[in-house]
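Structure first, commentary second.
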Amino acid sequence: MQQFTVHKIGPEIKIAGLDLSFTNASLFMVISASIIILFLFLGSKEKRIVPGKIQLIAELFYSFVAKMISDTAGSKAKPYFPFIFSLFMFVLFCNMVGMLPYSFTVTSHIIVTLIMALFIFVAVTIIGFFKHGIKYLSIFVPSGVPVVLLPLITIIEIISYLSRPVSLSVRLFANMMAGHTMLKVFGGFVVSLGILGGWLPLGFSVALTGLEILVAFLQAYVFAILTCIYLNDALNLHH
Amino acid sequence: MRSLLSFLIAIKAINTNLLAAEAGMPQLDPTYWASQAFWLILVFTILYILISKIHLPKIKNNLDDRENKIKGDLESANEFKEQSEAKLKEYDTILENAKKEVSKILLESKNILDKNIQSKKNLIEKEIEKEILKAQKEITELKKSSLSSIQKISENIASNLIENISGEKLNESSIKAAVQEISKKQVDKYL
C-alpha cells in the first residue's frame, strides 16, 4: 500500500487552518495536466491538411469525445464539450501516468474521484433545475409506470440519483486501486517465489499490466460517458 | 466483477487495520484530503481553461479547415467532371456533323460521277448508232449496186448464151426485160 501514500513535497502551506501542502499527488496532477497541454499543443501547432502523427492522435481524441457527447447527450450538450473533453483527458492521463513504475496514481484516491463526481453531480443538478425549473423533479417519476408501483419506483429513482456521485467516484477509485494492488501482489509473489517459482506470477504481472492499461482507458471512457448520460438526463428531460 | 473484487480488497484492507487507516489504506487518511482537493481544483481549472480557450478551438479549426478543403475539392472535381462531359458531348456532335458531311460529299460526288458516266455513255451510244446507220446504208447501196451489176452481167451472159446457141442476135431491150423479170423472181430469194 506504500504506492498510495501521500507525502509532502517542499514547504508546508497552511491556509485557514487547512493543510494545502504540495504533495506527490499534486505533483502527478501537474505532470498529467502538463503532458495533456504539451500533447495538445503539439497536436494543434501545425495546420496541416494531412495530419502528422501527434496531430492525428489529438484530432482522434477530439472527434472521439465529440462523437461520444453527440451520441449520448445530443446537440444540446455542445457547450459542455470542453469540460467533458478536459475531464476525459485528465482522468485518462492520470490513469496512464499511474501505470508507470514508481509513479503515483492520482485517480486511485477516493477524495479526488469524489470531488470530481460531486462537482459533476451538483453541476448536472443545477443545469437540470436551470433548464426545466421545478419540472426537473419529474426525472424521479418515470412515465408509463403503474400507479401502485409509483411511490416505490420514485423512492428507488431518488436513491439511484443520489448515489450517482458515490458510484461514479467509487467505480474509478476502486478500479484503479484494485488494479495497482493486484499488480503489487503479483510482483510480491515474483519476489517471494524467487527464480524457481516466480515465472508464473511474472507472466501474470505482464498480462495484468496490459489489462490495467485497458482498464485505465476504459475507466476514463466510462467516467466521461456517464457524465454525458447524467448531462443528457438534465438537458433532455424524459429519455 | 472488477468493482466487486476491488471492493472486497478495500473491505479487507479496512478490516485488517480497523480504525488505523494510515497503515491500511492511505486513501482513507484525511491528512491530505484538503490539499488534494485544493490542488485538484486548481490544476483542473487551469487545464480546463487552457484546453477550452486555446487547444480545442485550434483543433476544431484544423478539422473544419480540412472538411471545407475536402468539400471544396470535391465540388471543383465535380465541376471539372461536368465540364469534361460537356466537352465530350461537343466533340461527339462535331464528329457526327463531320460524318454527315462526309457522307453528303460522298453522295454528291457519286451523283456527279454517275451523271458524267451516263452522258458519256449516251454520247458514245449515239455515235455507235450513227456508225451503224452509216454502215447499213453502205451495205444497202452496195447491195443495190451489186444487184444492178449482177443484172448487167446476167444480161450479157444471157445475150452471149443466146447468140452462141442460136447464132442470132436478139435485141437487147427484150433480153433486158426478160432478165429483169427472172432476176426479180430469182434475186428476191437471195436478198
In whole angstrom, the spacing between the Cα centers of segment A:128-170 and segment B:45-119 equals 60
For segment A:1-95, listing GluC sites (Glu not before Pro) in a DSSP loop whose Cβ sees at most 14 other Cβ atoms within 10 Å gives A:GLU12, A:GLU46
Considering only A:LYS14, A:LYS76, A:LYS135, give the residue with the highest GNM mean-square fluctuation for chain A, with springs between Cα atoms whenever their separation is below 10 Å. A:LYS14
Ranked by GNM mean-square fluctuation in chain A (Cα springs under 10 Å), the top entry among A:ALA174, A:ALA117, A:ALA216 is A:ALA174
Principal-axis tilt of helix B:33-50 within chain B, Cα atoms, nearest 10 degrees: 30
Per-residue average of Cβ from other chains inside 10 Å of A:181-194: 1
With N residues in chain A, what two-decimal value do you get for its Cα radius of gyration over 2.2 N^0.38 Å? 1.21
Quick one: compute the contact order of chain B, relative version, from alpha carbon pairs under 8 angstrom and 6+ residues apart, as a percent. 7
Would you work out what percent of the accessible area of segment A:2-235, with all protein chains in place, is carbon or sulfur (probe 1.4 Å)? 77
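The values are calculated or read from the model by the stated rules, or taken from the named source; none is laboratory data. Since we're looking at a predicted model, the values are computed, not measured. Note that we place each Cβ from the backbone using ideal geometry, even for glycine, and neighbour counts take in every protein chain shown. Only protein heavy atoms, including side chains, enter the accessible area calculation; ligands, DNA and RNA are left aside. Shrake-Rupley method; radii C 1.70, N 1.55, O 1.52, S 1.80 Å.
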